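Below is one structure; the comments refer to it alone.
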Amino acid sequence: MNELNTTIADGVAVVTLTRPDARNALNGALLDALDDTFHALNTNDAVRCAVITGAGKAFCAGIDLAALEQDPLALLLHPVAQTIAARRFPLIAAVNGPAITGGLELALQADFRLAAPTAVFADTHVLVGIVPGWGMSTLLPQAVGEGRAREMSLTGRFVHADEAERIGLVNRVVAADVVAEAITVARIIAGYDHTAVAAIRDLYTAHAHKRLDALQAHETTVFNQIVAALTPEAVRERRADIIARGRALTNQPGRNG
């Protein structure tokens, strides 16, 4: 079974994570597929904009904990985040459901995010006993502000779509088909002058990186220190609790998702 599906039409690439039975959790095969896909898209002149989303009811549940038990370092040290960040084209995240931890970091790599009403976001690194390594500590505060980012990362609490829109984590909540809306927006961008789009995006990226490059380097240093001590046994001890907490939080009465 393919872990990832990619289509290209009208200058827009649509990248869909296709592990719906696992809530599109990131195992080694999916991470490799994402890495290969973004390398290929970055050399394809036909691609002017891209959309990333998940199949089924989830965007991405983060790292696959079962796979993490087997080989923590292979998954956590994967270069996919750097590959996506190095792209030359705009990327829109169509967040169709839960985007948790690594899934949230994946969404944060996009230029901006649109969300379905069922979307929910959380940083649960603290529950696993590790620290971010794919940009959470730099990209999340850039999106929602320092205080809200610290609260999310230190408590692991879930932020539902309505709050995510209010705090700036997503640009807007789309009541209809969020993927279709993201493709519509991507086609608009793809139809503009490519040189101008690239230059405008480079300006925003350059301004952000003046501050973020050093912070990201520090995140990587701390991440490597913590992950070096992570064992499969440590992951196994926390896995059941994480699953139980996630189910309880996403099924709260009166909340989206």
Name the long-range amide H neighbours of Gly97: under 5 Å, sequence gap of 5 or more, or other chain; modelled H, no Pro or chain starts.
Phe59, Ala116, Val120
Please state the shape class of the range 134-212: rounded when a/c is under 1.5, otherwise prolate if a/b exceeds b/c and oblate if not, all from the C-alpha gyration tensor.
oblate
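With a ≥ b ≥ c the root eigenvalues of the C-alpha gyration tensor of the range 55-202, is it rounded (a/c under 1.5), prolate (a/b larger than b/c) or oblate? Intermediate results must be reported in sequence, preceding the final value.
Details: a/c = 1.66, a/b = 1.37, b/c = 1.21.
Prolate shape, in that a/c is at least 1.5 and a/b is the bigger ratio.
Express the relative contact order of the range 1-101 as a whole percentage, based on alpha carbon pairs under 8 Å and six or more residues apart in sequence. Before the final figure, lay out each step's value.
Details: 178 pairs, mean separation 33.8, N = 101.
So the answer I get is 33 percent.
Quick check on packing: order 63-72, 111-120 by the mean number of other C-beta atoms within 10 Å, highest mean leading. Could you put the intermediate results ahead of the total?
Details: 63-72: 18.8, 111-120: 23.1.
So the order, starting with the most tightly packed, is 111-120, 63-72.
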Once amide hydrogens are built 1.01 Å from N within the peptide plane, the residues lying 5 or more places from Ile63 or on another chain with amide H under 5 Å from its amide H are Leu26, Gly102, Gly103
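By its C-alpha gyration tensor, with a ≥ b ≥ c as the square roots of the eigenvalues, how is the range 24-80 shaped: rounded for a/c under 1.5, else prolate for a/b larger than b/c, else oblate?
Judged from the Cα gyration tensor, the range 24-80 comes out oblate (a/c at least 1.5, b/c at or above a/b).
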Packing-ranked peptide list from 153-163, 91-101, highest mean Cβ count within 10 angstrom first, is 91-101, 153-163
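Among residues other than Thr18 whose Cβ falls under 15 Å from its Cβ, what is the net charge (Lys/Arg +1, Asp/Glu -1)?
Details: positive: Arg19, Arg23, Lys57; negative: Glu3, Asp21, Asp32, Asp36, Asp64.
Summing Lys/Arg as +1 and Asp/Glu as -1 gives -2.
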Distant-in-sequence amide H partners of Cys49 (H built 1.01 Å from N, under 5 Å)
Ala13
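Assuming 1.306 mPa s and 10 °C, estimate D for the range 66-111 with Stokes-Einstein, Rh taken as the Kirkwood radius over Cα pairs, in µm²/s.
Details: Rh = 12.0 Å.
For the chosen part, D equals 133 µm²/s.
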Using θ = phi - 60° and Karplus 6.51 cos²θ - 1.76 cosθ + 1.60, couplings along the range 96-110 (whole Hz; Gly, Pro as x)
8, x, x, 10, 10, 6, x, x, 5, 4, 4, 5, 5, 5, 6
Mind jotting down the distance between the C-alpha centroids of the range 166-194 and the range 36-91, whole Å?
19 Å
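Quick note: the coordinates plus some simple rules give every number you see, no bench work behind them. Values in this document were obtained by computation on a predicted structure and should not be read as measured data. Cβ coordinates were reconstructed from backbone atoms using ideal geometry, including for glycine residues, and neighbour counts include every protein chain displayed.
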